[in-house]
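The values are calculated or read from the model by the stated rules, or taken from the named source; none is laboratory data. The model shown is predicted, which means the values in this text are computed figures rather than measured ones. No Cβ is skipped: glycine too gets one built from the backbone with ideal geometry, and neighbour counts run over all protein chains shown.
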Amino acid sequence: MRLSWSEVRFLIDRSTGLFHRGLTSLRTRGLGSTWRRVLRQFRPVPASRRPSLYLPAHAPFAPFALPHSAAPRASVVIPVFNHVAHTLACLRALAAHPPAAAIETIVVDDGSSDDTAAWMAQVNGLRYHRRAANGGFIAACNDGAALARGEFLVLLNNDTVPQPGWLDALLATFEAHRNAGLVGAQLLYPDGRLQEAGGVVFRDGSAANVGRFEAPDDPRFACLRDVDYASGAAIAVPRALFLELGGFDTRYAPAYYEDTDLAFAIRARGLRTLVQPAARVVHDEGTSGGTDTRTGPKASQVRNRAVFADKWAALLAGHAAPGSDPLDALARRPAPRVLLIDAEAPRPDRDSASLRLHHLLALLVDEGAQVTFVPADCAHAGEATAALQRLGVEAWYAPYLASLPAWLHAHGSRFDTVVVSRHHLLRGLLPLLRRHAPQARVVFDSVDLHYLRERRAAELAGDAAARRAAERTRAAELDVIARSDATLVVSAAERELLAADAPGARVEVLSNLHRVSGPGRPFAERADVVFVGGFRHPPNVDAVRWFVAEIWPRVRARLPDARFHCIGGDVPAEVAALAASPGVHMHGHVPDLAPYMDGARVAVAPLRFGAGVKGKVNLSMAHGQPVVATSCAIEGMHLRDGVDVAVADAPEAFADAVVALYGDEARWQRLAANGLRNVAEHFSFDAARDVVRRVLMRGDER
């Protein structure tokens, strides 16, 4: 295919621009840093590490429709100046994969001389605004903001192709992080390599992209992160905030550094500038402004750098020197660096320990720590891993994580605190941590004291061999506790036990963590009985078998219409067989527990042995669902029989408690209200902040 003169000119301009940018890099960054950038640019990223991208097929223009709403949540503003083919591809992507959020799309034409006006008039649902005269990128964006009606203003370059789910991911970030002021997308080259996961600004006002030419899924660049700025090619900001700040600062007109300046102004308001890699946008960098900083719109970048550096000189004095690695420059900002290691990524919808770990990670992020999670199985756990990344956790996995020893050798020096769950995992890691992370405080997170749980199971079964195994576990667990800098347990009862068994150890209580959901549906709108618990945990298997065999028939005789819903993954055959019992429904794993937490009238926790704090009890109480439990199930939970919970240990007494609570609305309401209070006081994020700050963020050293 023959190239047109304009296409040839574009290639020439881009080539000369790259050459001169290289010379500039040599002057400002030095030979070593420039050479590393060149190697990254030309180093191929394997196809297996590049995402599958949506790129609209090239086709002649034909009228089409965009999603649009008279009451949009987000206003997508696209400034354009010629390059109508790029604008068409951008709009076709919006039409092909509409977001769940209500939107409007505004194209601001800055005086195009091509087919822009003719084509835009034929796009149904598009708001098209043509400026009277060409004013540049800043003027076009500010005009679009003035026309916008949505709660959020989303600025999108016309040389972009937004990927499915991009806008919903941006908006969800504002919901999850109430102090977010600006959220940028992860920008990709059309070949699938990473263009930018946010940007960093050096003390002289020069800037660099984070992750340029790397793999987009690399854990270092694939998590929500605070950045100095995010490119205006794809950013979201509350419209009211943008207008309060006066829009893009016109001192940078016609373009360049306005997005960086906006990010700094937003942070000056006490809000965060974030990049959300779950929002991906392909960006054909240089289409609008070129790449040569000596001519055209790009020439203003050099001038505006000096303007920006002068305006923000006081803040920039604390930034890294030019030529620093962008990630290192961000990581050096003052924030505790915390590494957590567990056997696998937490799946909070499957078991209590996972829910606690997931919430602990969220709390650390909320407290401002730089948080990294490494699974010992090195696996990407699908949505579980993606959920951590959306939180702002740097979650590692293969092929970027080949083995824990190699990873600790490369990264151990980064961390102030390392938390490892489960004694059998920490036992092997302790020598590696002392060698590769000697500066870090090593914290053992027991989850629950395994030897206590095993000892109780052996006593219940009268099994001498199991008792000996429990003593071996005790010796191993106490050895790890003795060699750690601190140990976390989930209840005061376990701390008291360790005061006797490990008197020299530093032991802190960090219990289950729950978000208080509220009272849920009222008594009259609820029915049935529910149990929640994963069946890889032996106490849950015993509990359900005992409940169905000894307790449920007594309940069913007096409540013949009631049903027992048993929820939990990894169901063994002996538990699955219980579905043959009248009124028993075995659901297995249920991704969304809310309908059962808000709809079932009574929850049960018929545990006969175990240790730690029972997440199933906390979970129900956090939803305003009263609980009938054994004494073992409420150990260390600050609960009182008849006030916060109904307690019974014998089958007949347990059945009586279920029936009484099921039919007495006043009692039900009292226990529901007090259960909510108990969770807020002892098991909420606020209840855990003190120990997290002191032990994990090393506040006791400051």
Out of Val613, Val602, Val617, report the one residue that is farther than 30 Å from Tyr451 by Cβ, touching a residue at least 24 places away in the same chain (Cβ under 8 Å) and surrounded by 24 or more Cβ atoms within 10 Å (Cβ to Cβ). Val602
Any hit, region 651-659, residues being in a helix (DSSP H, G or I), more than 22 Å from Leu355 (Cα to Cα) and charged (D, E, K, R): yes
Failed item in (1) at pLDDT below 95; (2) within 17 Å of Arg427 (Cα to Cα), with Ser484 passing the rest: (1)
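Considering only region 374-403, how many residues are under 14 Å from the mean Cα position of the chain (by Cα) and small (Gly, Ala, Ser)? Show your work before the answer.
Looking only at region 374-403, we keep the residues that are under 14 Å from the mean Cα position of the chain (by Cα), and these are 381-396.
Right, trim to small (Gly, Ala, Ser) and you get 381-382, 384, 386-387, 392, 395.
The total comes to 7.
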Hey, among the residues in region 178-215 that are touching a residue at least 60 places away in the same chain (Cβ under 8 Å) and among the basic types (Lys, Arg), which one's surrounded by the most Cβ atoms within 10 Å (Cβ to Cβ)? Arg193
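Would you check which residues across region 401-426 are assigned to a loop (DSSP other than H, G, I, E, B) and hydrophobic (A, V, I, L, M, F, W, C) and list them? Working first, answer last.
Step one: list which residues in region 401-426 are assigned to a loop (DSSP other than H, G, I, E, B), which gives 401-403, 415-416, 422.
Within region 401-426, Leu401, Ala402, Phe415 qualify.
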Could you figure out which of (1) more than 23 Å from Ala687 (Cβ to Cβ); (2) surrounded by 20 or more Cβ atoms within 10 Å (Cβ to Cβ) isn't true of Ala362? (1)
Tell me whether region 625-639 contains one or more residues that are surrounded by 15 or more Cβ atoms within 10 Å (Cβ to Cβ), outside any loop (DSSP other than H, G, I, E, B) and among the small types (Gly, Ala, Ser). yes
Flagged in region 95-109 as touching a strand residue (DSSP E or B) at 6+ places or on another chain (Cβ under 6 Å) and either surrounded by 19 or more Cβ atoms within 10 Å (Cβ to Cβ) or part of a loop (DSSP other than H, G, I, E, B) (or both), in numbering order, are Ala101, Ile103, Glu104, Thr105, Ile106, Val107, Val108, Asp109
Residues to consider are Val154, Val123, Val77; find the one that is surrounded by 15 or more Cβ atoms within 10 Å (Cβ to Cβ), within 20 Å of Gln195 (Cβ to Cβ) and in contact (Cβ under 8 Å) with a residue 40 or more places away in the chain. Val154
Are there any pairs with C-beta distances below 6 angstrom linking a residue in region 301-321 that is hydroxyl-bearing (Ser, Thr, Tyr) to a residue that is part of a loop (DSSP other than H, G, I, E, B), with the two at least 6 apart or on different chains, and if so which? none
Looking at Pro348, Pro322, can you tell me which residue is modelled with pLDDT under 90, in a loop (DSSP other than H, G, I, E, B) and either of a type outside the set (A, V, I, L, M) or over 27 Å from the mean Cα position of the chain (by Cα) (or both)? Pro348
Just one of (1) part of a helix (DSSP H, G or I); (2) touching a residue at least 12 places away in the same chain (Cβ under 8 Å) trips up Asp700, so point out which. (2)
